[in-house]
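Input: a single structure, listed below in structure tokens.
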């Protein structure tokens with residue numbers, strides 16, 4: 001059996017949504033000190049829908065593939081649905097990851113949650129500023 005699925009290899013070789021959103025509504029950055037992977041997610045949100053998402057990942061092929069797949073899974077989704085994304089869903093969408101690489105899908109989930117938390121914090125600040 002091959003170590004990585006064709007989907008993992010495809011998302012590693014041809015990652016989707018790579019880059020930076022300069023005026024992002026939410027930005028999240030997470031890392032794993034044990035393996036050295038770092039992921040940064042950028043979200044553009046319009047009327048509660050993730051209209052654009054980009055990522056920058058410094059890490060192994062599984063980390064890049066997990067980032068790429070995670071962005072594909074949340075793009076066009078309502079914020080409420082993106083909040084439900086799990087690392088298991090990312091790994092399943094990639095047709096699986098080796099057990100010792102599952103932490104890469106966890107990082108993708110955490111990066112998205114971090115970016116969504118940043119968005120909610122910024123939104124809360126702008127909502128309270130509008131009330132003043």
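See the values below:
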{"item": "One residue from 23, 37 being without any contact (Cβ under 8 Å) to a residue 24 or more places away in the chain and either within 21 Å of residue 91 (Cα to Cα) or touching a strand residue (DSSP E or B) at 6+ places or on another chain (Cβ under 8 Å) (or both)", "result": "23"}
{"item": "Test set (1) in contact with a strand residue (DSSP E or B) (Cβ under 8 Å, 6 or more places away or on another chain); (2) surrounded by fewer than 18 Cβ atoms within 10 Å (Cβ to Cβ); (3) at negative phi - residue 76 fails condition number", "result": "(3)"}
{"item": "Close pairs from region 78-91: first more than 20 Å from residue 12 (Cβ to Cβ), partner surrounded by fewer than 19 Cβ atoms within 10 Å (Cβ to Cβ), Cβ under 8 Å, at least 6 apart", "result": "78/48; 78/49; 79/48; 79/49; 80/48; 83/113"}
{"item": "Residues located in region 24-42, provided they are assigned to a loop (DSSP other than H, G, I, E, B) and at pLDDT 95 or above", "result": "24, 25"}
{"item": "Failed item in (1) within 17 Å of residue 12 (Cβ to Cβ); (2) surrounded by fewer than 23 Cβ atoms within 10 Å (Cβ to Cβ); (3) in contact (Cβ under 8 Å) with a residue 60 or more places away in the chain, with residue 31 passing the rest", "result": "(1)"}
{"item": "Residue 92 on the phi < 0 side of the Ramachandran plot and out of contact with any strand residue (DSSP E or B) (no Cβ under 8 Å at 6 or more places or on another chain)", "result": "yes"}
{"item": "Residue selected from region 2-17 under the condition free of Cβ contacts under 8 Å to residues at least 60 places away in the same chain and closer than 19 Å to residue 42 by Cβ, by the criterion surrounded by the fewest Cβ atoms within 10 Å (Cβ to Cβ)", "result": "16"}
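The values are calculated or read from the model by the stated rules, or taken from the named source; none is laboratory data. Because the structure is a prediction, the values reported are computed rather than measured. Positions of Cβ are generated from backbone atoms using ideal geometry, with glycine treated the same way; all protein chains shown enter the neighbour counts.
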